[in-house]
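Peer 1: Mind having a look at this structure? Questions to follow.
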Amino acid sequence: MPDWVVAFLLKFQRAFAVAVVMAQAGIAVTGSIVRVTGSGLGCPTWPQCVAGSLTPVEHPEVAPLHQWVEFGNRTLTGLVGVIAALCVLAAWYAKPRRKRVLKLALVQLVGVGVQAVVGGITVLTGLLWWTVSVHFLISMVLTWLAVLLYAAIGEGDEPARPLAGRNLLRLQVVQAGVLGLLLLAGTFVTAAGPHAGDAATPRLDVPVETLSQLHADLLFLFLGMLVAMGFALGSTARRAYYTLVATVIAQGALGMVQYWTGVPEVLVSIHVLGAGAVVIATANLWVHTRERARSDQAQRDDEGLRSQTAGNSVASHV
């Protein structure tokens, strides 16, 4: 690969990592737009949009708007794939090549492929509610791992060293599990609610009120853990902690407004955006309560690389 391309990849490696965080969370938002506009089967086949065409064409049974909304979401999957591929290339050409960064970047790229397949299954099963839930949850997992990727670029590769007490780290593990259940319950609420993605889609046959209460109970449990964490955290990662608290409170308030106002479409998408923000903020606190030192070999490689760069710079001026 040309030197200028490698230089470009390495210069913007952190920017690519930020972009993949935003893209993994953002594509869940565009997916919600597909759902609330009833465009889930705007492209009724996969991988083609309609039989015989990858792109929308006039169809007697599908409105053009629904076709283009669904097709636009599929196209964004390709964009996320490009960003993930740039992360992989930057990790591959970095000197020294760092296994953990490369693995996390590869997870993003492979995850995009998995999401494309799951999205295809979702369409081919007529938006079966549990396939939509899986589709969303995978996006949230990839968002979490994208935050770890961004952090890993600035870290070393040694085993993580805790910056907080053991009990707090255990609480974080439990909290991450509760967050997963909270997100899962949120998909159940949507599956039983009014926004099916298509008028003919079967719904989850459980009262929305019951599922909403479960979702709210898990939120209160998550908040309770945050309060307990605040007492145990001390001065470590205080900014990341307050960011998470503010994000969760805002998301909870939005959820209540959404419920009281009859689940308007625009608030559904904003709530999905908030879910991604909660995942990012929780993962951010996670990485700020641990640190990874650089190995002695990595430090020697860095020093050698800096010496070589300095030598080349001096030679170029002689």
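The values are calculated or read from the model by the stated rules, or taken from the named source; none is laboratory data. All values derive from a computational prediction rather than experimental measurement. Don't worry about glycine lacking a Cβ; one is built from the backbone with ideal geometry, like all the others, and counts go over all protein chains shown. All accessible areas refer to the heavy atoms of the entire protein, side chains included, with ligands and DNA or RNA removed. Shrake-Rupley method; radii C 1.70, N 1.55, O 1.52, S 1.80 Å.
Peer 1: Accessible area of Ile270, 1.4 Å probe, to the nearest 10 Å²?
Peer 2: Accessible area, nearest 10 Å²: 80 Å².
Peer 1: If you don't mind, another one. Based only on the alpha carbon positions, what is the Kirkwood hydrodynamic radius of segment 83-235, in angstrom?
Peer 2: Values: mean 1/r = 0.0551 Å⁻¹.
Mean inverse Cα-Cα distance, inverted, gives 18.2 Å.
Peer 1: Quick check: convex hull of the Cα atoms in the chain, volume per residue, rounded to a whole Å³? Can you show the working numbers first?
Peer 2: Details: hull volume 48.3 nm³, N = 318.
In the chain, the Cα hull volume divided by residue count equals 152 Å³.
Peer 1: If ligands, DNA and RNA are left out, what is the accessible area of Val268 with a 1.4 Å probe, given in Å² to the nearest 10?
Peer 2: Around 10 Å² of this residue is reachable by solvent.
Peer 1: Give the long-range amide H neighbours of Glu158: residues separated by 5 or more places, or on another chain, with amide H under 5 Å away, using H modelled in the peptide plane at 1.01 Å from N.
Peer 2: Amide H neighbours of Glu158, under 5 Å, 5+ apart: Ala293, Ser295.
Peer 1: Could I ask something else about it? Tell me, Kirkwood radius of segment 1-82 from alpha-carbon pair distances, in Å? Walk me through the numbers on the way to the answer.
Peer 2: Numbers: mean 1/r = 0.0693 Å⁻¹.
Roughly 14.4 Å, rounded to one decimal.
Peer 1: Taking 7 Å along the Cα-to-C-beta vector as the label spot, tell me the Tyr242-Val134 distance in nanometres, rounded to one decimal.
Peer 2: 4.3 nm
Peer 1: Before I look further, what does the chain give for accessible area per residue, probe 1.4 Å, in whole square angstrom?
Peer 2: The answer is 52 Å² per residue.
Peer 1: From the phi angles alone, apply the Karplus equation (6.51, -1.76, 1.60; θ = phi - 60°) to segment 33-48 and give each ³J(HN,Hα) in whole Hz, x where the residue is Gly or Pro.
Peer 2: The phi angles translate into 5, 4, 5, 6, 8, x, 9, x, 10, x, 10, x, 10, 7, x, 6 Hz.
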